[in-house]
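The structure appears right after this line, and notes come after that.
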Amino acid sequence: MVLRKHKCQRDVAKSAHCASHREMSTSTALPVNRAGTALPAAASARPAPRPAEAWVSPGRTGTPCRTRRAQLPEEPEPPATVSVPPPPPSSAGPRVPAEPPRSRPPWPRALRAELPRLPLALRPHSALCLGPAPAPAFTLERPGQPQQGRRRRIEELSRSSREKLLQSRDRMFSKLTSILQHAVEALAPSLPLQEDFVYHWKAITHYYIETSDDKAPVTDTNIPSHLEQMLDILVQEENERESGETGPCMEYLLHHKILETLYTLGKADCPPGMKQQVLLFYTKLLGRIRQPLLPHINVHRPVQKLIRLCGEVLATPTENEEIQFLCIVCAKLKQDPYLVNFFLENKSKSLASKGTPSVITEDTPKIPDPVSVNSSQSHQPQELSGAPGVGHAESENEPPHQVDDLSASLDDLNVTSLPEASIVRPKQDYNLVNSLLTLTRSPDGRIAVKACEGLMLLVSLPEPAAAKCLAQSTCLCELLTDRLTFLYKALPQSVDPLDIETVEAVNWGLDSYSHKEDASAFPGKRALISFLSWFDYCDQLIKEAQKTAAVALAKAIHERFFIGVMEPQLMQTSEIGILTSTALLHRIVRQVTSDVLLQEMVVFILGEQREPETLSEISRHPLRHRLIEHCDHISDEISIMTLRMFEHLLQKPNEHILYNLVLRNLEERNYTEYKPLCPEDKDAVENGLVAGAVDLEEDPLFTDISPDNILPNQEWISSPHASPDHPKIDGKMEVHKIVNSFLCLVPDEAKSSYHVEGTGYDTYLRDAHRQFRDYCAICLRWEWPGTPKPLEKCDLEAAFFEGHFLKVLFDRMGRILDQPYDVNLQVTSVLSRLSLFPHPHTHEYLLDPYVNLASGCRSLFSVIVRVVGDLMVRIQRIQDFTPKLLLVRKRLLGLEPEGPVMDHVTLLEGVIVLEEFCKELAAIAFVKYHASTTP
């Protein structure tokens, strides 16, 4: 009986197991009790006793592997107790009963499609269960939560696990495929280059046909490897062929418009990162292939389109690849400048006048006029490539049109040559320039510098059509001037002028200042270096630019920055503002090297006037008049800074500077009095006096000197003897007589250099020789005359005015005994610069002691003579003049320590400056005379 009873129980369990399979296959059964009646949902939550259901661990999230057992829906059982096998143990924690099974939504279609492709190890756990997906017997939600929330939680877990599995599968298969591909390539025999090239290209196209996941990055695919292989094949093909011959792989690339296709993929950035790979491919293709590719329409057209994509957004991940691509295009244009015509686009929408050439718009296909290069390629100098309306379905068998005169076709390209009223001038014709201009504003300094280098290559192209388009149809001028204005206005108003003067030299490409590492930092140094760096870039850009572009850029800086920004600062009345703005003007005068920009700066400072000045018209150019007046400002700092600015301006290689300041007033030599030597003058020459010279006692400026104040020994006033063999009108006096005239001008009582070693006259000779040689090299191209203009041809009757500039300098020189030491040094420095110029009129007026001055005129020598006369009167009123003078000289040289302040220090320092200035003028006269007599 017992055995039979057990056998019956096994049969019942077996039938119950089969019935559970049938119930689970329908996925609609509800939990039932032993009697076969359906239980409510709450009844399934009772803890014990448990029917023959599946037990799961609370930590599991998937469907249990073992088949769930269900109650027999049919044949009610007697209430006798049936032994049921205990549920399997769980290692994840205490067992909890599963919830009643319910209908499960089917797997997502995308996952069902991917399941047959996955290996067993990568398939979802529930997919390994036998039969259709059973209804879940459990849930991770609490019993009290809504059914919709439980379903959402399960779907989220299923979706995240599915995405992780797919990503893991893609990465694994990508690596396996790459390894297998390299292994096959290493073991398999090499195919012909063209077949290999086509294979790699079709592998890329098949990826887009077969793949369904467009979110995977391109680095997880084989596209970069295939592109690199294609590039290597093209390079290998070119190396195996003769120079200039196009191989079948290159023909395939051009004929099938692969670059157009790559541009489309890069523009869509599909898969993510494709734009970066396309930019790299274009860059390497143009850089590694030696034969000219840009003349091909299927090359320069996609290149032009890709250029438009560069710089659309700043700080993008592809910024580095964009600037590399643009720079390689600029380098190719630098090698073959005529290619720039492929990148000029005319997008003007309206032409008002009749008979004007038709303008190609964005929506109008362009018909090129190609010029044959060789048998295998052609280029189109008149092709304004890159218009969006041009598709690449253009007829390739169109007969070429020969162009005999390339320059004539270039002129036709220049739409801006039409009358101004007949055309609406475009602003974005030169996309290569526009993209580089955008990247100059990149927050990455290296990208900005590279963009500036690309612009410098473009502006230096000699093509006139490109230069006009760059200057008139792009925003380059606005960029330069707007950034100059912004950086200038960012400077603090209280920058120390000494800091502006002494800040280190700035090169635009090396603007890498660190405030923390700078021991000599000062407030505003970062802003100052940024401004000077950008001005240096503008200067170098104009220096390298084609003439038409250079003039346009310089005029834009003149009008928009010099006049619009700097002039109001220089014309203000605030002393602090005047000092800072003058110091900045001085700094950029020193820094400028471009002839075109220098010319605009000179016109800005001095004006364009070249006729002789008159006293009533000295304020004709307001800025010039204000700056010259600042040389005699009540503030010594402003005077010194303005004098320094003029001193450096005189050293610039521009003829208009000296002519505007000095030469235009000396052109007629009406400062001289033309009269032949009379017998009295001859006697005076024989007696060692200057012919026609005025004695100090007869000079109205010295009438207040009484005979008691005249020194008994007046040999210091007389000039050396003149040789009868050298008449005055020759302008060639013997050098020792001119030199002695200046050396003997200061009396021995006022000289102190004899008592200090190394301060003789010969110390100035070396510097004077070097400086005069430099000035001669600068002035050589100005074709100055070698001799003064003959007096017979001069208008001596016209009133003489030395000019506003010399007037202020002579006035300052006349007060040398009452001015500060630094002011005196700067005044004499400017006068010595003027004396160095190898023009006969400046030499005569500033360095010839024997010139016959007209009535009411003064020269540099006559001004010094009157200063010395005043000095001799004042010396008599100072006790121990010579010892005090020697002590002051030693203190200035650092030979004596600073001691107590003594009286008449300003006068003593002025006497020392006067003595040294006379020695410097003597050295300059000697050097110039020696150079004029040396063949």
- Query: Which number in (1) touching a residue at least 60 places away in the same chain (Cβ under 8 Å); (2) closer than 15 Å to residue 653 by Cβ marks the one condition that residue 595 misses?
  - Reply: (1)
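Across the range 643-685, which residue is modelled with the highest pLDDT among those that are outside any helix (DSSP H, G or I) and of a type in the set (Phe, Trp, Tyr)? Steps first, please.
Here is the first cut: in the range 643-685, the ones outside any helix (DSSP H, G or I) are 651-654, 667-678.
Imposing the further condition that a residue be of a type in the set (Phe, Trp, Tyr) reduces the set to 671, 674.
Working: 671: 93, 674: 72.
Looking at residues that are outside any helix (DSSP H, G or I) and of a type in the set (Phe, Trp, Tyr), I get 671.
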- Could you figure out which of (1) of a type in the set (D, E, K, R); (2) modelled with pLDDT of 90 or more; (3) open to solvent by 50 Å² or more (accessible area, probe 1.4 Å); (4) not in a helix (DSSP H, G or I) isn't true of residue 802? (3)
- Note on the structure: Among 868, 851, 823, 873, the single one that is of a type in the set (Val, Ile, Thr) and within 51 Å of the chain's Cα centre (by Cα) is 823
- Query: Which of (1) more than 19 Å from residue 817 (Cα to Cα); (2) open to solvent by less than 10 Å² (accessible area, probe 1.4 Å) is the odd one out, the single condition residue 914 does not satisfy?
  - Reply: (1)
- Within the range 272-298, track down each residue that is open to solvent by less than 40 Å² (accessible area, probe 1.4 Å), over 27 Å from the mean Cα position of the chain (by Cα), of a type outside the set (Val, Ile, Thr) and closer than 22 Å to residue 338 by Cα. 291, 293, 295, 296, 298
- Message: For the structure I just gave you, tell me whether residue 290 is in a helix (DSSP H, G or I) and modelled with pLDDT under 95.
- Response: no
- Note on the structure: From the option list 473, 435, single residue qualifying as among the small types (Gly, Ala, Ser), touching a helix residue (DSSP H, G or I) at 6+ places or on another chain (Cβ under 9 Å), crowded, with 19+ Cβ neighbours inside 10 Å and modelled with pLDDT under 90 is 473
- Having 1 or more residues that are over 27 Å from residue 637 (Cα atoms), open to solvent by 10 Å² or more (accessible area, probe 1.4 Å) and among the charged types (D, E, K, R) is the bar; report the helices (runs of 4 or more DSSP H) wholly within the range 524-579 that clear it. 525-544, 547-557
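Could you please give the count of residues in the range 213-245 that are free of Cβ contacts under 8 Å to residues at least 60 places away in the same chain and part of a loop (DSSP other than H, G, I, E, B)? Don't jump to the end; show me each part of the working.
Residues of the range 213-245 free of Cβ contacts under 8 Å to residues at least 60 places away in the same chain: 213-243.
With the extra rule that they be part of a loop (DSSP other than H, G, I, E, B), the set shrinks to 213-217, 221-222, 241-243.
Counting residues in the range 213-245 that are free of Cβ contacts under 8 Å to residues at least 60 places away in the same chain and part of a loop (DSSP other than H, G, I, E, B) gives 10.
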- Considering only residues that are farther than 24 Å from residue 277 by Cβ and open to solvent by less than 70 Å² (accessible area, probe 1.4 Å), look in the range 231-246 and name the one that is nearest to the chain's Cα centre (by Cα). 244
- Item | Members of the range 615-642 found to be open to solvent by 80 Å² or more (accessible area, probe 1.4 Å) and either touching a strand residue (DSSP E or B) at 6+ places or on another chain (Cβ under 9 Å) or outside any helix (DSSP H, G or I) (or both), listed by number | 620, 634
- Over the range 860-907, the set of residues small (Gly, Ala, Ser) and not in a loop (DSSP other than H, G, I, E, B) is 862, 869
- Within the bounds of the range 860-872, is there any residue that is open to solvent by 10 Å² or more (accessible area, probe 1.4 Å), over 29 Å from residue 634 (Cα atoms) and among the β-branched types (Val, Ile, Thr)? no
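Somewhere in the range 810-831, is a residue open to solvent by less than 40 Å² (accessible area, probe 1.4 Å), part of a helix (DSSP H, G or I), over 23 Å from residue 668 (Cα atoms) and of a type in the set (D, E, K, R)? Before the answer, list the steps.
Here is the first cut: in the range 810-831, the residues open to solvent by less than 40 Å² (accessible area, probe 1.4 Å) are 810, 812-813, 816-817, 819, 823-824, 826-831.
From what's left, part of a helix (DSSP H, G or I): 810, 812-813, 823-824, 826-831.
Applying the additional criterion that residues be over 23 Å from residue 668 (Cα atoms) yields 812-813, 823-824, 826-830.
Then drop every residue that is not of a type in the set (D, E, K, R), which leaves 812.
Among the residues of the range 810-831, at least one is open to solvent by less than 40 Å² (accessible area, probe 1.4 Å), part of a helix (DSSP H, G or I), over 23 Å from residue 668 (Cα atoms) and of a type in the set (D, E, K, R), which makes the answer yes.
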- Of (1) closer than 26 Å to residue 215 by Cα; (2) touching a Leu at 6+ places or on another chain (Cβ under 7 Å); (3) open to solvent by less than 30 Å² (accessible area, probe 1.4 Å), residue 309 satisfies all except one. Which? (2)
- Task: Any residue in the range 776-794 that's surrounded by 10 or more Cβ atoms within 10 Å (Cβ to Cβ): show its pairings with residues that are part of a helix (DSSP H, G or I) and modelled with pLDDT under 90 at Cβ separation under 8 Å, as long as the two are six or more apart or on different chains.
- Result: 776/931; 791/729
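Listed here are the residues, each with its yes/no results for (1) modelled with pLDDT of 95 or more; (2) more than 28 Å from residue 641 (Cα to Cα); (3) basic (Lys, Arg).
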site	(1), (2), (3)
797	no, yes, no
821	yes, no, no
834	yes, no, no
866	yes, no, yes
- Looking at this structure, is residue 855 open to solvent by 40 Å² or more (accessible area, probe 1.4 Å) and on the phi < 0 side of the Ramachandran plot? yes
- Quick check, is residue 909 exposed (fewer than 14 other Cβ atoms within 10 Å of the Cβ), touching a helix residue (DSSP H, G or I) at 6+ places or on another chain (Cβ under 7 Å) and over 25 Å from residue 658 (Cα atoms)? no
- Say we look at the range 247-271 and pick out the residues that are under 30 Å from the mean Cα position of the chain (by Cα) and closer than 12 Å to residue 305 by Cα; which of these is most open to solvent (accessible area, probe 1.4 Å)? 267
- Query: What single numbered condition from (1) closer than 18 Å to residue 587 by Cα; (2) open to solvent by less than 60 Å² (accessible area, probe 1.4 Å); (3) outside any helix (DSSP H, G or I) fails to hold for residue 493?
  - Reply: (2)
- Per the filter on the range 272-301, residues within 24 Å of residue 209 (Cβ to Cβ) and touching a residue at least 60 places away in the same chain (Cβ under 8 Å) are 298
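The values are calculated or read from the model by the stated rules, or taken from the named source; none is laboratory data. Because the structure is predicted, anything quoted here is derived from the model rather than measured. We place every Cβ from the backbone using ideal geometry, glycine too, and count neighbours over all the protein chains shown. The protein model used for the area step is the full one, side chains on, heavy atoms only, and it has no ligands, DNA or RNA in it. Shrake-Rupley method; radii C 1.70, N 1.55, O 1.52, S 1.80 Å.
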